[in-house]
Amino acid sequence: MPFKRAILVVANQTVGSTELRAKLRERLQHGPAEITVLLPRRRSAEAEQHLLWALSELRGDGLEVEGRLGDPDPFLAVHE
């Protein structure tokens, strides 16, 4: 069974961008990976919808991805 890498994506505005999606697909050419998207935003219905949309876009590309909201400060979000 091949080793599965872990990729953490910390993004807000670029989370569903074509550039990010292309980069993640490129990274998967080097082997399987589990991707976690961390969206540093205050919890709100809008933030939840943004995250769900981004995950849907990434999964539509065939990526295995999970997501979560974090502290609005990206450094603190990663630390959490």
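Contact annotation: residue pairs with Cβ atoms under 7 Å, 6 or more positions apart or on different chains, pairing a residue in region 35-47 that is over 15 Å from residue 73 (Cα atoms) with a partner that is open to solvent by 50 Å² or more (accessible area, probe 1.4 Å) and in a loop (DSSP other than H, G, I, E, B), are 35/64. All conditions in (1) surrounded by 11 or more Cβ atoms within 10 Å (Cβ to Cβ); (2) small (Gly, Ala, Ser); (3) in a strand (DSSP E or B) hold for residue 6, with the sole exception of (1).
Restricted to region 30-75, and to residues there that are farther than 15 Å from residue 14 by Cβ and in contact with a Ser or Thr (Cβ under 8 Å, 6 or more places away or on another chain), the residue that is most open to solvent (accessible area, probe 1.4 Å) is 68.
Looking across region 9-29 at every residue that is polar (S, T, N, Q) and outside any helix (DSSP H, G or I), the one that is surrounded by the fewest Cβ atoms within 10 Å (Cβ to Cβ) is identified as 29.
The values are calculated or read from the model by the stated rules, or taken from the named source; none is laboratory data. Nothing here was measured: the structure is a model prediction, and the numbers come from that model. Methodologically, a virtual Cβ is constructed for each residue, glycine included, from the backbone with ideal geometry; neighbour enumeration extends over all protein chains shown. Just the protein is used for accessible areas: all its heavy atoms, side chains included, with ligands, DNA and RNA removed. Shrake-Rupley method; radii C 1.70, N 1.55, O 1.52, S 1.80 Å.
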